[in-house]
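One structure below.
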Amino acid sequence: MLDNVKVGGKWAPDTNVWEKIAIVVPYRGRRAHLKMFLLYMHPFLQRQGRDYAIYVIGQRGQELKFCKGILYNIGFISVLKDGDYDCIIFHDVDLIPEDDRNIYTCGDTPRHLSVAVDKFNYKLPYKNIFGGVVAMTPAQYRLLNGYSNLFCGWGGEDDDMYKRMHKHKLEISRPDEDIGRYTMFQHELGDENKQRFNLLKTSDLRADKDGLNNVGKVRAKITSMSRQRLFTHIVVNVGKRYHRKHRM
C-alpha cells in the first residue's frame, strides 16, 4: 500500500506542478489517529495531483499540555530548511477532508479549509474561526509572525492567529460549505487552557514579539528528525511551563 510514496512522506506527479506544499501536523500520543490520517491523506493528495510532503511535529518533554503554536513555529522553520515549499498547510491530525474538490493550495490571503466539520453539523461554528486546517504561504506566515508561543492546552491559539490577521488587514478565504467538509475522529478533549481568554486580551500587544521571531527563546528544541515510511518525523522537546513565566 502506498508504495509510490517516497520515504519521508513525499510524492510528486509526473507532470510539473507550479506549487510545492508541505503538510505540517502537530502531534502527541494519538497513534491510531495518525495512522488513519496518513492512510487517507496520501491518496487524497495524489488524486489532486499535489507535489507534497507530510511532516509530523511530535511533542515530548516535561510540559504536560499540548503546545500547538510552538510546534507550528518550529515545524515551519524546520520544513523550510528541509525543502523549498511554496505553501504550508497546518493540519490537525484528527481531521480528514471529505471532498476532493477541496484543493489543498494557498492563495492571495490565508485560507481556512476545514469550513464544515461533522462535529459541528457541517456548519461554521463562528465567523472568525481559523483553526483545524489552514493554508498559508511562507510570506503570509512571516508577516503574521507565526503563532503565539504562549498557548499551551486546548483553545486560544487559533483565535489569536485570527487577531493577527485582522491587525494586518488580511481576509480569510474559504471554500464553500458543501466542499470544505471534514470528518473529525472521535477523541477526548485535551486539557483546557484556562489562561486563553486573558491571553487573547493582549493579542495585539504581543503579536510583533511573541511568535516566530522569539521561538528560539522558548524552552523547546528539536531532539530528532527522521524519515519514516509515510512522513518525516520531527521531535520537539518542550520544557515545562514556558508560557506560565511569560504571561502578558
Subject >> Criterion violated by Ser78 - all others in (1) over 17 Å from Phe151 (Cβ atoms); (2) modelled with pLDDT under 95; (3) not charged (D, E, K, R) satisfied >> reply: (2)
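Here is a yes/no grid of residues against (1) modelled with pLDDT under 95; (2) part of a loop (DSSP other than H, G, I, E, B); (3) within 20 Å of the chain's Cα centre (by Cα); (4) closer than 30 Å to Met36 by Cα:
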| residue | (1), (2), (3), (4) |
| --- | --- |
| Asp204 | yes, no, no, no |
| Lys209 | yes, yes, no, no |
| Asn213 | yes, no, yes, no |
| Gly216 | yes, no, yes, no |
| Met225 | no, no, yes, yes |
| Leu230 | no, yes, yes, yes |
| Val235 | no, no, yes, yes |
| Arg244 | yes, no, no, no |
Original post:
If you scan segment 4-31, which residues turn out to be free of Cβ contacts under 8 Å to residues at least 12 places away in the same chain and either buried (at least 21 other Cβ atoms within 10 Å of the Cβ) or over 21 Å from Tyr85 (Cβ atoms) (or both)?
Top reply: Gly29, Arg31
Original post:
Here are some conditions: (1) of a type in the set (Lys, Arg); (2) closer than 21 Å to Tyr162 by Cα; (3) within 18 Å of the chain's Cα centre (by Cα). Arg31 meets all but one. Which one does it not meet?
Top reply: (2)
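Conditions tested, residue by residue: (1) assigned to a loop (DSSP other than H, G, I, E, B); (2) at pLDDT below 95.
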| residue | (1), (2) |
| --- | --- |
| Gly8 | yes, no |
| Val17 | yes, yes |
| Val25 | no, no |
| Gly29 | yes, yes |
| Met36 | no, no |
| Leu45 | no, no |
| Ile54 | no, no |
| Gly58 | no, no |
| Ile74 | no, no |
Original post:
Given Ser114, Ser78, which one is under 23 Å from Arg164 (Cβ atoms), in contact (Cβ under 8 Å) with a residue 24 or more places away in the chain and under 13 Å from the mean Cα position of the chain (by Cα)?
Top reply: Ser114
Subject >> Ile103 vs. criteria under 24 Å from Ala12 (Cα atoms), of a type in the set (Val, Ile, Thr) and part of a loop (DSSP other than H, G, I, E, B) >> reply: yes
**OP:** Go through (1) assigned to a loop (DSSP other than H, G, I, E, B); (2) under 14 Å from the mean Cα position of the chain (by Cα) one by one and return the number of the condition Cys152 breaks.
**Re:** (2)
**OP:** Restrict the check to segment 120-133 and report whether at least one residue is among the β-branched types (Val, Ile, Thr), in contact with an Asp or Glu (Cβ under 7 Å, 6 or more places away or on another chain), modelled with pLDDT of 95 or more and surrounded by fewer than 20 Cβ atoms within 10 Å (Cβ to Cβ).
**Re:** no
**OP:** For segment 154-191, enumerate the residues that are at pLDDT 85 or above, exposed (fewer than 15 other Cβ atoms within 10 Å of the Cβ) and either in contact with a Ser or Thr (Cβ under 7 Å, 6 or more places away or on another chain) or among the acidic types (Asp, Glu) (or both).
**Re:** Glu171, Ser173, Asp176, Glu177, Asp178
**OP:** Within segment 48-65, identify whether any single residue is over 27 Å from Val238 (Cα atoms) and either polar (S, T, N, Q) or in contact with a helix residue (DSSP H, G or I) (Cβ under 7 Å, 6 or more places away or on another chain) (or both), and answer yes or no.
**Re:** yes
**OP:** Please give the number of the condition Phe151 fails out of (1) surrounded by 16 or more Cβ atoms within 10 Å (Cβ to Cβ); (2) of a type outside the set (Asp, Glu); (3) within 21 Å of Val56 (Cβ to Cβ); (4) modelled with pLDDT of 85 or more.
**Re:** (4)
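The values are calculated or read from the model by the stated rules, or taken from the named source; none is laboratory data. Only a predicted model underlies this, so the values are computations on that prediction, with no experimental measurement involved. In this analysis, Cβ positions are derived from the backbone assuming ideal geometry, glycine residues included, and neighbour counts consider all displayed protein chains.
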